[in-house]
Amino acid sequence: MSAILPQGILLYLIFAWSTLSAQSPASKLTALPLEAVTIQDAFWSPKLKVWDTKTVYDVLDKLEGKYVPDRKDIADELKKIGRTRNAFYNFDLVAQGKKDLNMHDGPPWYDGLVYETFRGAADLMIEYPDPNLEKKIDAYIVRIAAAQNADPDGFINTYTTLMRSHQRFGTNGGNENWQHDIYNAGMLAEAAVHYYNATGKTQLLDVATKMANYMYRVMGPEPKQNIVPGHGGPEETMFRLYKFFQAYPEVKSKMKTPVNEKQYYDLAKFWIDTRGNHGRPDGTYSRTNWGPYNQDSIPVTEQKTIEGHAVRATLLATGVTAMAMEDNDAGYIQTANNYWNNMIGQRLFITGGQGAIPDGEKFGPDYFLPENAYLETCASIGAGFFSQQMNELEADGKYVDELERVLYNNLLSSISLNGDQYHYENPLSTNSHPRWVWHDCPCCPPMFLKMVGALPRYIYGTNNDAVFVNLFISSNAKFQLKDKDVSIQQKTEYPWKGKVVLTVNNPSASEFPLHIRIPGWAAGKENPFDLYSSTVKSKPELKVNGKAVNMQMEDGYAVVNRKWNNGDKVELVLPVEPRVVYPSADIKNISGKAVISAGPIVYAFESVDNPGLTNYSFSKSADLKMQYKPGLLNGVNIISGEAKDANAKTVTFTAIPFYAIGNRGTQAYQVWIPVK
Ligand SMILES: [Zn+2]
């Protein structure tokens, strides 16, 4: 945005976004906008550079079919159809007016993956402007708009048009659960908003709103049709589209498509409220019941647990939470809490993974947490988005603890250190789990880009009169509090070291409470429901301008309330030291085992470091040594200690961060190790 708009307008947009758009009536915390935060961090900045300069291009190229297949299914397909799947070829065919060709490259949600990649890329462009990338995406958008223009209604989903054009949104015997018409339209809406934020360009917004307007005409209360998304996600994104136009009404005058943003709110609310409502007993206003797989067996406000396809479930949960914040609706708030408490209290994997069961890619029953679980990358990221949204609703550090668990473990393990190979499943134990170049369902890399693109937003938050420090990432944040400029500079070597220094600049010398998250693991609460437990030897320490202060805790945050002068310093020291984490007795699959962690990082044992791995056990009182290895895996803390092998012989083990597995060739690895 800075490349396009004069500085004054940029500042206006920053503050307009933070005070208008993101603020919902029942929100207790508003994340700072991307433009307000810059990251300069020893851990994250080099990774962001790889993702920005390599991964984004890699994913776009592969969506265009530019890769050498490394998996048999894709190689076989190449032999059969003579080319690799090209998502943009689909758009071009539709733009030429083609219909019902009985051919479509990639899965039905391929369009959606293109849009999701645009969203991630757009966010990264705000932090790292890239005119080449912008040009590349602009050219794709022209092709997408051309595809939409071939349809008088503005309908756009290439799969449905090329395969079954008479079955839009699953009507006439179709299957929206498979077709993803609404899911793709939802991803289009969020891509359009993010791309506008990054570039000030409206072409994608025109495409997105034209499709949204069409959906509003077709689905809703009678006499419209009973249609809800076959895949959760659009509930949140359509709500965001509404909030976007509410915040920036002037954008409408730059667009070709008429916008009445209230319709997008109505659509999102209709989709949420219509889950579990499959029509009347006489068969009118009816549709297929997709059951718990698509969170559709009972109405949302009656759902006590989080069920079904884990990506669908976590994205729907995020939408319900966003709507809860807007409407201050007790039913939605209760459902959001039901989902989160069940997900984190009974179904959470130690790495932040979610969705135990491969069949249906779904949540398992309570306390079913096997080491060889499925744990799709997208499900863990969906859970991270959901935890962030819960924190915006309730401002409680426990939600950030779970976002952080995802960020430093399951999320990072899903991509190779060199940024162009990926994991779909993220089990905690395996004999062989190769990374892939491209997948027949490559949903995870775009989802990964969405979360890392949004990372700067998650570091800080504000509400009417308070500031929150959520994540420990070296960064600068500039924002306004009660119309006064404030900035915070954060310096840290987290996650390898526990010291965090915050410098507050506050020219108006006003008084406000600064909430600094004290992670659960640092305070003897590994999990808010004691699904896992651990203890650290030292306690967190807090100093203000060099003087130790007693921590006044409030909902997971230490609160320092004072008049802040320019240059005031807060120093937090967190006990980043090896700790042993035990599962609750309710988890039978891993009883008698433990995990080694330090700070937010969960450790794993790879066979290359630990040849006798599968027979290792270690003692509860083992002396665990942590050491930084700058030359290993782009610089990591390793943890070593003594274990016993199958013959009760003492061996030395080396554990690496779980996120770094699979970067020295394909290895066997384990996270849980028997402990005696
Ligand atoms: Zn995925």
Inset, instruction - Keeping to segment 334-370, report how many residues are closer than 21 Å to Asp396 by Cβ and within 16 Å of the ligand (Cβ to nearest atom). - result: 2
Inset, instruction - For residues that are over 26 Å from the mean Cα position of the chain (by Cα) and buried (at least 21 other Cβ atoms within 10 Å of the Cβ), tally how many sit in segment 517-541. - result: 1
Inset, instruction - Could you run through segment 591-611 and say how many residues are of a type outside the set (Ser, Thr, Tyr), over 15 Å from Phe653 (Cβ atoms) and surrounded by fewer than 21 Cβ atoms within 10 Å (Cβ to Cβ)? - result: 1
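Conditions tested, residue by residue: (1) under 26 Å from Arg435 (Cβ atoms); (2) at pLDDT 90 or above.
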| residue | (1), (2) |
| --- | --- |
| Ile9 | no, no |
| Phe15 | no, no |
| Pro25 | no, no |
| Gln40 | no, yes |
| Val59 | yes, yes |
| Glu64 | yes, yes |
Legend entry - Any hit, segment 431-453, residues being touching a residue at least 24 places away in the same chain (Cβ under 8 Å) and within 24 Å of Ile587 (Cα to Cα): yes
Inset, instruction - Tell me which of these Gln179 doesn't satisfy, since it passes every other one: (1) under 23 Å from Arg287 (Cα atoms); (2) surrounded by fewer than 22 Cβ atoms within 10 Å (Cβ to Cβ). - result: (2)
Legend entry - Residues of segment 265-302 that turn out to be in a helix (DSSP H, G or I) and of a type outside the set (Ser, Thr, Tyr), as a count: 13
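Going by what's in this entry, would Ser380 be described as within 27 Å of His515 (Cα to Cα), polar (S, T, N, Q) and within 12 Å of the ligand (Cβ to nearest atom)? Spell out the reasoning first.
Numbers: within 27 Å of His515 (Cα to Cα): yes; polar (S, T, N, Q): yes; within 12 Å of the ligand (Cβ to nearest atom): yes.
So Ser380 passes the test.
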Legend entry - Index of the failed condition, Pro513 passing every other in (1) surrounded by 22 or more Cβ atoms within 10 Å (Cβ to Cβ); (2) not aromatic (Phe, Trp, Tyr); (3) not in a loop (DSSP other than H, G, I, E, B): (1)
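Yes/no per residue for (1) within 25 Å of Asn197 (Cβ to Cβ); (2) of a type in the set (Val, Ile, Thr); (3) surrounded by fewer than 23 Cβ atoms within 10 Å (Cβ to Cβ):
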| site | (1), (2), (3) |
| --- | --- |
| Lys54 | yes, no, yes |
| Leu63 | yes, no, no |
| Lys66 | no, no, yes |
| Tyr89 | no, no, yes |
| Asp92 | no, no, yes |
| Lys98 | no, no, yes |
| Gly112 | yes, no, no |
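Quick grid of which residues meet (1) closer than 26 Å to Asp465 by Cα; (2) free of Cβ contacts under 8 Å to residues at least 12 places away in the same chain; (3) touching a strand residue (DSSP E or B) at 6+ places or on another chain (Cβ under 7 Å); (4) of a type in the set (Gly, Ala, Ser):
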residue	(1), (2), (3), (4)
Thr492	yes, no, yes, no
Pro495	no, no, yes, no
Lys499	no, no, yes, no
Thr503	yes, no, yes, no
Leu514	yes, no, yes, no
Gln552	yes, yes, yes, no
Asp555	yes, no, no, no
Asn561	yes, no, yes, no
Inset, instruction - Taking Glu77 as meeting all but one of (1) crowded, with 17+ Cβ neighbours inside 10 Å; (2) in a helix (DSSP H, G or I); (3) touching a Gly at 6+ places or on another chain (Cβ under 9 Å), write down the number of the exception. - result: (3)
Inset, instruction - Give the residue that is nearest to the ligand (Cβ to nearest atom), with candidates limited to residues of segment 396-441 that are among the hydrophobic types (A, V, I, L, M, F, W, C), out of contact with any Phe, Trp or Tyr (no Cβ under 7 Å at 6 or more places or on another chain) and closer than 30 Å to Thr30 by Cα. - result: Val406
Legend entry - Flag if Ala373 is touching a residue at least 40 places away in the same chain (Cβ under 8 Å), within 24 Å of Pro495 (Cα to Cα) and within 16 Å of the ligand (Cβ to nearest atom): no
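If you go through segment 426-433 one residue at a time, do you hit one that is in the same structural domain as Trp109 (by TED's automatic domain parsing), in contact with a helix residue (DSSP H, G or I) (Cβ under 6 Å, 6 or more places away or on another chain) and at pLDDT 95 or above? Steps first, please.
Start the filter on segment 426-433 by keeping residues that are in the same structural domain as Trp109 (by TED's automatic domain parsing), which leaves 426-433.
Still in the list and also in contact with a helix residue (DSSP H, G or I) (Cβ under 6 Å, 6 or more places away or on another chain): 426.
Remaining after also requiring at pLDDT 95 or above: 426.
For segment 426-433, residues in the same structural domain as Trp109 (by TED's automatic domain parsing), in contact with a helix residue (DSSP H, G or I) (Cβ under 6 Å, 6 or more places away or on another chain) and at pLDDT 95 or above: present.
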Inset, instruction - State yes or no: is Thr377 assigned by TED's automatic domain parsing to the domain that holds Val300, under 12 Å from the mean Cα position of the chain (by Cα) and among the hydroxyl-bearing types (Ser, Thr, Tyr)? - result: yes
Legend entry - Condition check for Thr305: part of a loop (DSSP other than H, G, I, E, B), buried (at least 24 other Cβ atoms within 10 Å of the Cβ) and either modelled with pLDDT of 95 or more or within 16 Å of the ligand (Cβ to nearest atom) (or both): no
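The values are calculated or read from the model by the stated rules, or taken from the named source; none is laboratory data. Remember, predicted model here, so these are calculated numbers, not experimental data. Reconstructed Cβ throughout: ideal geometry from the backbone, glycine too, with neighbour counts over all protein chains shown.
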